[in-house]
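Working notes, structure below.
The values are calculated or read from the model by the stated rules, or taken from the named source; none is laboratory data. The shown structure was predicted, so the numbers you read here are calculated from the model rather than taken from an experiment. Glycine gets a Cβ as well: all are built from the backbone with ideal geometry, and neighbour counts include every protein chain shown.
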Amino acid sequence: MGAYIVRRTLWAILLLLVVSFLTFVIFNVFPSADPAALRAGRNATPALIEQIRRNLGLDKPFYTQYWIYLKGLLEHFNLGYSYYNTESVKSEIFSRLPATISVTVGGFVAWMLIGIPVGIISAIKPRSLLDRIMMGGSLVAISAPVYFLGLVSLFLFAQGTGVLQWAGAAGSYVPITQNPGTWFNSLILAWLTLAAAFAAFYARMTRGNLIEVMHEDYIRTARAKGLRESVVITKHGLRAALTPIVTMAGMDIGLLLGGAILTEIVFNIPGIGRYAYDAIVNADLPAIQGTVLFGAFFIVFANLVVDILYAFLDPRVTYG
Amino acid sequence: MRRRNAVFVGLAAGALVLVAAGFGNGGNTSGAQGKKGGTITMLSNGDVDHIDPGQAYYQFTYAITYITQRPLLAYKPNSVTPIPDLAASMPTVSANGLTVTVHIKHGIKFSPPVNREVTSADVKYAMERGFDSAVANGYASAYFGDLVGAPTTPQNKVPNISGIQTPDKYTIVFKLRKPSGVFVGALQEPLTAPVPASYARKYDKGTASSYGNWQVATGPYMIQNNAAGKITGYTPGRQIVLVRNPNWNPKTSWRPAYADKIVIKEGFDPTVGTKQILSGSADVNGDFPPPAAELKSITSNSSQKSELEFTATSGSRYVALNTRKPPFNKLLVRQAVAYVLDRNALRLTRGGPIDGKIATHFISPDFGSVGFNQAGGFNFNPFPSAGGSGDVAKAMALMKKAGYKSGKYSGPQVTQVADNSPPGSNTAAVVANSLAKIGFNVKTISVQHAAMYTRFCNVPKNEPNICPNVGWLADFHEPQTLLDPTFNGKNIIPTNNSNWPLLNDSAINKLMDKAELELNPETRYKEWGQIDDMITKTAAAIPWIWETSPTLYSTKVTHASELWNGGEPDMSFMSVK
């Protein structure tokens, strides 16, 4: 197991290097905005723009810029400074990390707490009215984009903008350390919005898997042994049905991060997603680079954790 | 300066409020009867461009800069006439126009931790640091480049400009190389707000100044800071907190500064932000206009529409045709395009009549009488059509004259580079459809708004046939700031070019060069009016809207829109009710 983790970690580092290089290439090859011109302003002379370009190191070939960046990153864990406001990218990302963790972890919990029970109930009572309502609802949730769902939920339930004013307003986020109640209230709509599509998809997947598993021979054997139906479902059926779901969940956490960008924009949560969005709008390469690397790290790490968890869930899995 | 909604770039300052269709004036615009205390909350979608007042060049940022800093001149909210702020009186200009003298007020102090009185040397340093590439001010060369000793190339340190002299602590004398019609007007720019050299110099060292994060204030408010002077009230992209400047002396200022605290919350979706203001959980919009659907709803609601004010912006949006490339190097072809362009449909892409009048030339009607009437006012429309929807017959007649026998273009495909998102992408679609009526096949390359400018339309060697999403606002109340950067042939530069049609007409250039030196305002405005007329007739660029900018207030606060700044709220004049 130890060797496996080391090997996977080395691959992860290589992957992160490739991702950072590709981001650099994309930024330099495709027509994005010129950061020196943006920083200089409308009436600036070409000479001033060139001077700013030199000051920011943008006059060097992109591979030299990449090497300088990489050196800073490996030697000092320095993610560079924003072209736009000269703030440290590392500081910005770490100061925004709690908000993004709050959004994604909360969204993940909501997604699992809704998706799996709904899937189980539907699988136990297939083709019932309850099953049809829940599967119909899940289709709606899958179809609704995060942006649309977020705005609708704000206009229905948020203080200041909603008809019912049950939940915190957009922009009301505070850290959990400051006020847990306000923190929860400010994020509840964001969690549900972020979780909706995933929960719906997982409900359908859980339902399908469980229905299939419940027709397996060993389930019939378990029933023949006289086990209670609840034990058959939870101990024998669900364990097998959930294994592929856990694998999927690991991969989907990356997608959750993508959804978190939109969620943070709609609900004005000052997280890394919002920072990434602003960086793209401002052609702020160090900030784009930092957020892309963070996202890649998050996905790679989540996949590693899932692979390790897999061994516990499925005894057939071994690590060579 | 970047424009409020960050859609079109240019400058904004000279503008008059348009109280459209009975809207607006729902509060105390003069601020004369405000109530002391309380907190004002402004919502914005994006961030300030730069927190350093020497770098700021954006309408939204100016709404904060002008209440934390005191430039030599400034404006009251309901006025477009600059008045002394740090200055004790209006500047005096010598008969030959080469010397401008300004006296500054006594007893104005910097905020903590500097705490000392402002002197003329602080103004000198503030202006000089604008020429340092570590500060990279965007307009220092354009407006203060005529100072004797002003650097002509970018500097890696704060230069000493011999043309800025400080004979005593309260007098500053500017020596110019040649007379300038706009120099005095430019003294209202935030670059003239004092910066204490002994305190700021250490932050100005290096390749990028960090003074913005350690700035001190002279206005009634300051960005919240700690005892060492480090700004703690600014979190980029999230929030700006302004508190009272304890060293501000109300006797030296005409700003009432009612509120105790001002909070600018950033990152709001415009629709969500608008609804929060309507509900009273926030007080006013900053960098975003309420979306068209919200505006429609507000203006049809009798209790809400009085909280909305429309302020005209001091410029126009236009479609630029590349005069260096066929087929738009031919005057008749450009004029045909000017006739066929459906300006009404273009305006609909921005929300229709509520967004402003259809433009027929460049100087905005709400630029006061400064050049607009001299250009012919509303009667000047060289390319008329019914309802502004385009005149295909006249366009085809011109195309025939240009050598296209059928009246339709028969040459190769033309290219336009446009925004990849609405409303700019919709504007580009209307341009393509209009041109198709006279035979053009327009290929549209869609890119991010900033890339459209900085990689294509601002770079002559990359410039396409058409730039449909451009426009310009005046920096301040002088037509020169509107027309000179954008249409003077001498301003065509290899990068950051704002003369998008690449117009280089010797007659126009000559008259501009003359008008720039003219010190008599009446003569100057007449000349710029004539220039506007000449440019419009070249059809090198086709204006299609004189836009207004909506500001929405909550019912809990009084109104105070900055007419000179495209409707940004003057929060030093607003008060809680």
Whichever residue in the range B:52-72 is more than 17 Å from the chain's Cα centre (by Cα) and among the hydrophobic types (A, V, I, L, M, F, W, C) and, among such residues, is nearest to B:ALA312 (Cα to Cα): B:ILE67
The residue that is modelled with the lowest pLDDT, considering only those in the range A:259-274 that are part of a helix (DSSP H, G or I) and closer than 12 Å to A:THR100 by Cβ, is A:GLY259
Looking at B:THR536, is it part of a strand (DSSP E or B) and surrounded by 23 or more Cβ atoms within 10 Å (Cβ to Cβ)? no
Looking at the range A:235-251, can you tell me whether even one residue there is of a type outside the set (Phe, Trp, Tyr), closer than 22 Å to A:ILE176 by Cβ and either more than 14 Å from chain B (Cβ to nearest Cβ) or not in a helix (DSSP H, G or I) (or both)? no
Report the residue count in the range A:148-207 for those that are under 19 Å from A:LEU97 (Cα atoms), touching a Phe, Trp or Tyr at 6+ places or on another chain (Cβ under 8 Å) and of a type in the set (S, T, N, Q). 1
Selected residue [away from every other protein chain (no Cβ under 14 Å) and surrounded by 15 or more Cβ atoms within 10 Å (Cβ to Cβ)] from A:TYR83, A:TYR69: A:TYR69
Residue pairs within 6 Å by beta carbon, gap of at least six or interchain, first lying in the range B:261-277 and more than 8 Å from every other protein chain (Cβ to nearest Cβ), second part of a helix (DSSP H, G or I) and of a type outside the set (S, T, N, Q), listed first then second, are B:THR274/B:GLU294
So is A:ALA222 modelled with pLDDT under 90, part of a helix (DSSP H, G or I) and in contact with a Gly (Cβ under 9 Å, 6 or more places away or on another chain) or not? no
Out of (1) modelled with pLDDT of 95 or more; (2) of a type in the set (Ser, Thr, Tyr); (3) not in a helix (DSSP H, G or I), the odd one out for B:THR548 is which? (1)
Would you call B:ALA126 more than 14 Å from chain A (Cβ to nearest Cβ) and crowded, with 23+ Cβ neighbours inside 10 Å? yes
The residue that is nearest to the other protein chains (Cβ to nearest Cβ), considering only those in the range B:142-174 that are closer than 21 Å to B:GLY206 by Cβ, surrounded by 16 or more Cβ atoms within 10 Å (Cβ to Cβ) and modelled with pLDDT under 90, is B:PRO154
Condition met for B:SER180 (buried (at least 23 other Cβ atoms within 10 Å of the Cβ), within 14 Å of chain A (Cβ to nearest Cβ), in contact (Cβ under 8 Å) with a residue 40 or more places away in the chain and among the hydroxyl-bearing types (Ser, Thr, Tyr)): no
How many of the residues making up the range B:446-479 are more than 8 Å from chain A (Cβ to nearest Cβ) and of a type in the set (Ser, Thr, Tyr)? 1
Quick check on the range B:222-233. Is at least one of its residues surrounded by fewer than 18 Cβ atoms within 10 Å (Cβ to Cβ), in contact (Cβ under 8 Å) with a residue 60 or more places away in the chain, more than 13 Å from chain A (Cβ to nearest Cβ) and assigned to a helix (DSSP H, G or I)? no
